[in-house]
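Okay, structure first, notes after.
The values are calculated or read from the model by the stated rules, or taken from the named source; none is laboratory data. All values derive from a computational prediction rather than experimental measurement. Positions of Cβ are generated from backbone atoms using ideal geometry, with glycine treated the same way; all protein chains shown enter the neighbour counts. Each accessible area value is taken on the protein alone, full model and side chains, heavy atoms only, with ligands, DNA and RNA left out. Shrake-Rupley method; radii C 1.70, N 1.55, O 1.52, S 1.80 Å.
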Amino acid sequence: MVLNQATLKRDGVQDYVSLRATALIILAYSVFIVGYFLLTPEISYEAWTGLFSNLAVKAATFITLVCIMVHTRIGLWQVLTDYVKCSTMRSVLGFVLNLMALAYVAVGLFVLWGV
């Protein structure tokens, strides 16, 4: 029985759309945070915790963290396949760097929901 390999692997169009969509979400979140800094007269701990105690900001931050992880995974895969020719080294680097991206999201969640 022959399997269609295209269904088991990533698609270039899917990667392209995922990169652009995650970049837009990251950009929107960055504009929001910069706007908050510019429009808030005094940034204090109370103002910062007040911002992040809002459920909508927590949800937006979580979505942005996941988008950063997806964006990083696709970008790392592209860079590693272009520049690291040894498949063993590429696999090890991919595993370590993807694990770091996952750890960043996990730490971000602990910090985010700890507020």
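What the Cα convex hull of the range 31-89 gives, in volume per residue, is 125 Å³. Semi-axes of the equivalent ellipsoid for the chain, computed as √(5λ) from the eigenvalues of its C-alpha gyration tensor and ordered from largest down, come to 35, 16, 13 Å. Under a model in which nothing but the beta-carbon of Lys, Arg (+1) and Asp, Glu (-1) is charged, the chain shows a dipole of about 440 debye around its Cα centre.
Build a GNM of the chain with springs between Cα atoms under 10 Å apart, and of V31, V66, V105 the one that fluctuates most is V31. Measuring with a 1.4 angstrom probe and ignoring ligands and nucleic acids, S87 comes out at about 70 Å² accessible. Could you pull out every whole DSSP H run in the chain that spans at least 30 Å of Cα extent along its own axis and averages 0.5 or higher on the Kyte-Doolittle scale? In the chain, the long hydrophobic H runs are 12-39, 55-83, 87-113.
Taking each residue as 0.36 nm, the span from E46 to L102 lengthens on full extension beyond its C-alpha to C-alpha distance by 17.2 nm. Computed over the chain, relative contact order equals 33 percent, with contacts defined as Cα pairs under 8 Å that lie 6+ residues apart.
Placing a label point 7 Å from the Cα of V17 along the Cα-to-Cβ direction, the residues of the range 50-79 with a backbone N closer than 19 Å are 67-68, 70-75.
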